[in-house]
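Report on the structure given below.
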Ligand SMILES: [Zn+2]
């Protein structure tokens, strides 16, 4: 058996503690492979016996406890909403400002005044998508806000 062939079969082994006969025969005759194989087997056994997995678990626990101890997002809730609203406002204002932009004026020269309709549709669509995102991301805050409204409080009393 050639050394290459030997290592090919040696690497595909599941269990290094007991070698097939044909590999043992090659090991007896080839000192180079014997040295390489024993080095490889030792490092594999060392890897298996080391408790790297336990370390991983405890690290995960440490990280999770750190995450749990972080202040919840509740105090920052209003600030987050403010951010979302200001970005939405920027989009909304820019839908009007875009008609004064150079590229819009350039497009208007080509397509004429009709351009305003598809442009408004697209920007309105973008704004709607953004609004859906806001609702999705801040669902809890919105639900709390709605239930705090007087109208809904009255409904709940009945
Ligand atoms: Zn060999």
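All of the numbers you see were taken from the coordinates with simple rules; none came from a lab. Source: prediction; values computed, not measured. Here Cβ is always computed from backbone atoms with ideal geometry, including for glycine, and neighbour counts include all displayed protein chains.
For 33, 3, the sequence from fewest to most other C-beta atoms within 10 Å is 3, 33. In this simple spin-label model, placing a label point 7 Å from the Cα along the Cα-to-Cβ direction at both residue 13 and residue 34 gives a separation of 1.5 nm.
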